[in-house]
Amino acid sequence: MSNVKLAVIFYSMGGTNYQLSKWAEEGAKEAGAEVKVLKVQELAPESVIEGNEVWKATVEATKDVPVVTSDDIEWADAIIFSVPTRFGNMPSQMKQFLDTQGGLWATGKTINKVVSAMTSAQNPHGGQEATLLSLYTSMMHWGAIIATPGYTDPVIFGAGGNPYGTSVTVGQDGKMIEDVQAAVKHQAKRTVTVAEWVKKANQ
Ligand SMILES: Cc1cc2nc3c(=O)[nH]c(=O)nc-3n(C[C@H](O)[C@H](O)[C@H](O)COP(=O)(O)O)c2cc1C
């Protein structure tokens, strides 16, 4: 049994990053971690969401998922972020959340969190690495310890081989093209393992 507390924090309009988050939860629980799956606050106007059936369905599917707060960041030893790409960047909803953590950052409470990130895009080369780097840039400012999957397990090659973090292509039908479940679970387990090492060293 691990004593690691992991927050999986996502934004998802079409459900993909919610699914990736649930697979990460599974992997981390198998590694013995205590896990919270959390969404960031939606910022889009309700009228816009109402006009999009897929978006509306995701809002409904995630209605019982708690909205992440600063307390969750303080609670967590490790964090996995999961976001769709937005023109090669994280979505504004996630950026808004990060940008409201100045208070935690200023009191040193973001230091040594072990972090990792996942993403999705419509195109195989639609900005996956850039999106992951946009998250990792903020994490460097947090003093977080970035634990990427690299090529630490053969399952990564089967999922498209992204060493920055698991990424998946979403087809026109909204379905994932690559089978990334095993890579997500591996990434989650690795994040928990690295967090265990860090916790042990700090005891
Ligand atoms: C405003 C906007 C910008 C996007 N930019 C890109 C892009 O640059 N490249 C790309 O491949 N997909 C892009 N997409 C597609 C999303 O990344 C894709 O729908 C998403 O990964 C699906 O994840 P979700 O189901 O969790 O929402 C964009 C979508 C939106 C709404």
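Every number in this text was worked out from the coordinates using simple rules, so none of it is lab data. Computed from a prediction, not measured in an experiment: that's the story for all the values here. Virtual Cβ from ideal backbone geometry, glycine too; neighbours counted across all protein chains shown.
Quick notes on this one:
- Annotation note: trypsin sites (Lys or Arg not before Pro) in the stretch 74-178 located in DSSP loop regions with a Cβ neighbour count of at most 15 within 10 Å are LYS175.
- Two-site label geometry, LYS56 and ASN123: point separation in nm, points 7 Å out along Cα→Cβ: 3.0 nm
- Residues ASN3 and HIS141, FRET efficiency given R0 of 35 Å [Cβ-Cβ distance, rounded to 0.05]: 0.80
- Converting phi to 3J(HN,Hα) with the Karplus coefficients 6.51, -1.76 and 1.60 and the offset θ = phi - 60°, the stretch 84-94 yields x, 6, 10, 6, x, 10, 5, x, 4, 4, 6 Hz in sequence order, with x at every glycine or proline.
- Rounded Å value of the spacing that divides the Cα centres of the stretch 61-100 and the stretch 21-45: 10 Å
- Part-to-part distance (alpha-carbon centres) for the stretch 181-203 and the stretch 143-158, which is given in Å: 10 Å
- Residues whose amide H lies under 5 Å from that of VAL37, counting only those 5 or more places away or on a different chain, are VAL8; hydrogens are built 1.01 Å from N in the peptide plane.
- Inter-probe distance in nm under a simple model that places probes 7 Å from Cα toward Cβ, at LYS63 and VAL48: 2.2 nm
- Inter-label distance, PHE87 to LYS175: 3.2 nm, where each label sits 7 Å from its Cα along the C-beta direction.
- Among beta bridges that DSSP assigns inside the chain, antiparallel share in %, nearest 5: 10 percent
- Listing PHE10, PHE87 from fewest to most neighbouring C-beta atoms within 10 Å gives PHE87, PHE10.
- Among the chymotrypsin sites (Phe, Trp or Tyr not before Pro) in the stretch 115-151, those located in a DSSP loop and surrounded by at most 12 other Cβ atoms within 10 Å of their own Cβ are TYR151.
- Using a Förster distance of 25 Å, the FRET efficiency for GLU30-LYS200 (Cβ separation, nearest 0.05): 0.80
- Bridgeable lysines around LYS189 (alpha carbons under 26 Å apart, same-chain partners fewer than 8 residues away excluded): LYS5, LYS22, LYS29, LYS36, LYS39, LYS95, LYS109, LYS113, LYS175, LYS199, LYS200.
- Prolate/oblate/rounded call for the chain, Cα gyration tensor, a/c under 1.5 rounded: oblate
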